[in-house]
1. Once both labels are modelled 7 Å past Cα along the beta-carbon direction, what's the residue 92-residue 15 spacing in nm?
2. In percent, how large is the relative contact order of the stretch 1-68, given Cα pairs closer than 8 Å and 6 or more residues apart?
3. Restricting to DSSP H runs of at least four residues, report the calculated mean residue ellipticity at 222 nm for the chain, -39500 (n - 2.57) per run over all residues, nearest 500 deg cm²/dmol.
4. Helix 2-15 versus the longest principal axis of the chain: what is the Cα-based angle in degrees, 0 to 90, to the nearest 10?
5. Starting from the eigenvalues of the Cα gyration tensor, five times each then square-rooted, give me the equivalent ellipsoid semi-axes of the chain, largest first, whole Å.
6. Report, in degrees rounded to the nearest 10, the 0 to 90 angle that the Cα long axis of helix 57-67 makes with the longest principal axis of the chain.
């Protein structure tokens, strides 16, 4: 029930604000997104159905907005070992690695 309370607080905050601190994407969003964003997207704890996360429309909107950010998409690829091979970049040493060293490209070259 504590998590549902926290989701409700977050949902109410996001009803009047695009991001946690207001109109701008900040370190607060970066810090909170992996847990709450992951939860409402169904990536964490297999609790989404039990917690009825779909009811927290503002949190879902916030998570979708963060996931739409290209830097977030790229960041989620680094050190990833599950999912689509094209979304896995086991090591990143240069920005060009996103174009040349995802696991699908490494597998095709090998």
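Each value in this text was obtained by applying a stated rule to the coordinates, not by laboratory testing. Keep in mind the model is a prediction, meaning the values are calculated, not measured. Counting neighbours? That spans all protein chains shown, and the Cβs are built from the backbone with ideal geometry, glycine included.
1. Once both label points are built, they end up 3.6 nm from each other.
2. Worked out over the stretch 1-68, it gives 34 percent.
3. Working: 7 runs with 54 residues, N = 110.
Dividing the helical sum by the residues of the chain leaves -13000 deg cm²/dmol.
4. 90
5. Working from the Cα gyration tensor, I get semi-axes of 31, 16, 9 Å.
6. Helix 57-67 sits roughly 20 degrees off the main axis of the chain.
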